[in-house]
Amino acid sequence: MRRALELATSPDAPLGPNPRVGAVLLSPDGEAVGEGYHHGAGTPHAEVEALRAAGSRARGATAVVTLEPCNHTGRTGPCSAALLEAGVARVVHAQSDPSPAASGGADHLRAHGVDVVGGVLADEAEALNPYWTHQAVHGRPFVTWKAATTLDGRVAAADGTSRWITGAEARADVHALRASVGAVVVGTGTVLEDDPHLAVRRDAEVLSYDQQPLRVVVGARDIPEGARVLDTSAPTLHLRERDPAHVLGVLQAREIRHVMLEGGPRLVAAFVRAGLVDAVRWYIAPALLGSGPAALGDAGMSTITDALRLQVAGVSLVGGDVRIDARVLRAEEG
Ligand code: AOF
Ligand code: ZN
């Protein structure tokens, strides 16, 4: 299984709509007769790659896979059927497939006489695909809210100026996060006030159009002609509404697994009210303003017991700024 996990994280295994998955086929005497990993949506699944590599030596073999073999026809056919057809005798998998459409592979294989063991190093396998797993379990993308504030919690000065609160290193760090998500979401107010670009630009490395996250502007107001968010460097979607659940539904339908929310305070408040913020990435600049807007608008909390509680997962210095990563605590997670 360690080898299968390693295969799943091969450098060219892309972070797209599909999970990263690795597979190893072992002969009855324990020799590896085939290996494979998933190269991204539309390409063969890890098991199918390993079966191809093993050829006739797959008969009687044990398939070790980081994810329960799928039982559905999506872009490709069901791995459960491919494993049966190849005569695999035993399947050992890590994570069970949480997606309603593809799950059931283990039961199907058992029903056809294959010995199946699940849950081996499951936590490590799940950690390879946290956002994919989240959307499969909850039916919506994972939402990370990114904010940059002064020490006294301001996102802009009283006159509205906000460029730049944090330093260049923190801004480059934000670009790295943007490059890893499927969509970046802001409200129309932010577009009107700040004219953000929202595409990924790093000094040496620029993502091509189809690698860029989708830029999503939420709200009824028009986006002014000539706004930077409408340029041709990345795709842009304008949703003329503010219902966070519906916004995430649209993005889920586009197979976006991780959404970065970049403000403004009113839109974020709507997401917080709806319980649709999962984590925060917070940059604190060692500066004080004393007046000016806060990162979060009125999210319906009027007393201290209403506070949204988070658990800090990491704190670091990025240039001269402090970065805090934290997860929102939910009742069901204790
Ligand atoms: C993968 N790679 O190696 C395995 C997956 O649209 P499809 O046909 O690519 O199916 C994607 C689903 O298949 C995926 O969400 C997961 O539930 C299941 N198993 N997926 O991308 C793999 N074994
Ligand atoms: Zn499959």
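The values are calculated or read from the model by the stated rules, or taken from the named source; none is laboratory data. Just so it is clear, the structure is predicted and the values come from calculations on it, not from any experiment. Note: ideal-geometry Cβ built from the backbone for every residue, glycine included; neighbour counts use all protein chains shown. For the accessible areas, the whole protein counts, side chains as well, though only heavy atoms, and no ligand, DNA or RNA atoms are used. Shrake-Rupley method; radii C 1.70, N 1.55, O 1.52, S 1.80 Å.
Structure notes:
- Here 43, 62 are screened, and the one residue that is open to solvent by 10 Å² or more (accessible area, probe 1.4 Å) and within 25 Å of residue 251 (Cβ to Cβ) is 43.
- Answer residue from region 87-114, given it is within 11 Å of ligand 1 (Cβ to nearest atom) and over 23 Å from the mean Cα position of the chain (by Cα) and is surrounded by the most Cβ atoms within 10 Å (Cβ to Cβ) among those: 105
- Region 71-86 - residue that is in contact with a Cys (Cβ under 9 Å, 6 or more places away or on another chain) and under 17 Å from residue 25 (Cβ atoms) and, of those, nearest to ligand 1 (Cβ to nearest atom): 79
- Selection status of residue 286, over 18 Å from residue 177 (Cβ atoms) and open to solvent by 50 Å² or more (accessible area, probe 1.4 Å): yes
- Hey, residue 57 more than 9 Å from ligand 1 (Cβ to nearest atom), surrounded by 15 or more Cβ atoms within 10 Å (Cβ to Cβ) and outside any strand (DSSP E or B) or not: yes
- Sole residue being buried (at least 20 other Cβ atoms within 10 Å of the Cβ) and within 15 Å of ligand 2 (Cβ to nearest atom), chosen from 128, 84, 51: 51
- Residue 21 being away from ligand 2 (no atom under 13 Å from the Cβ), buried (at least 21 other Cβ atoms within 10 Å of the Cβ) and in the same structural domain as residue 120 (by TED's automatic domain parsing): no
- Region 87-125, residues that are within 16 Å of ligand 2 (Cβ to nearest atom), among the aliphatic types (A, V, I, L, M) and not in a helix (DSSP H, G or I): 88, 91, 92, 94, 101, 102, 114, 116
- Check on residue 78, free of Cβ contacts under 8 Å to residues at least 60 places away in the same chain, more than 12 Å from ligand 2 (Cβ to nearest atom) and either open to solvent by 20 Å² or more (accessible area, probe 1.4 Å) or in the same structural domain as residue 30 (by TED's automatic domain parsing) (or both): no
- Identification of strands (runs of 3 or more DSSP E) wholly contained in region 217-334 with 1 or more residues that are within 24 Å of the chain's Cα centre (by Cα) and closer than 18 Å to residue 162 by Cα yields 258-261, 279-285, 321-328.
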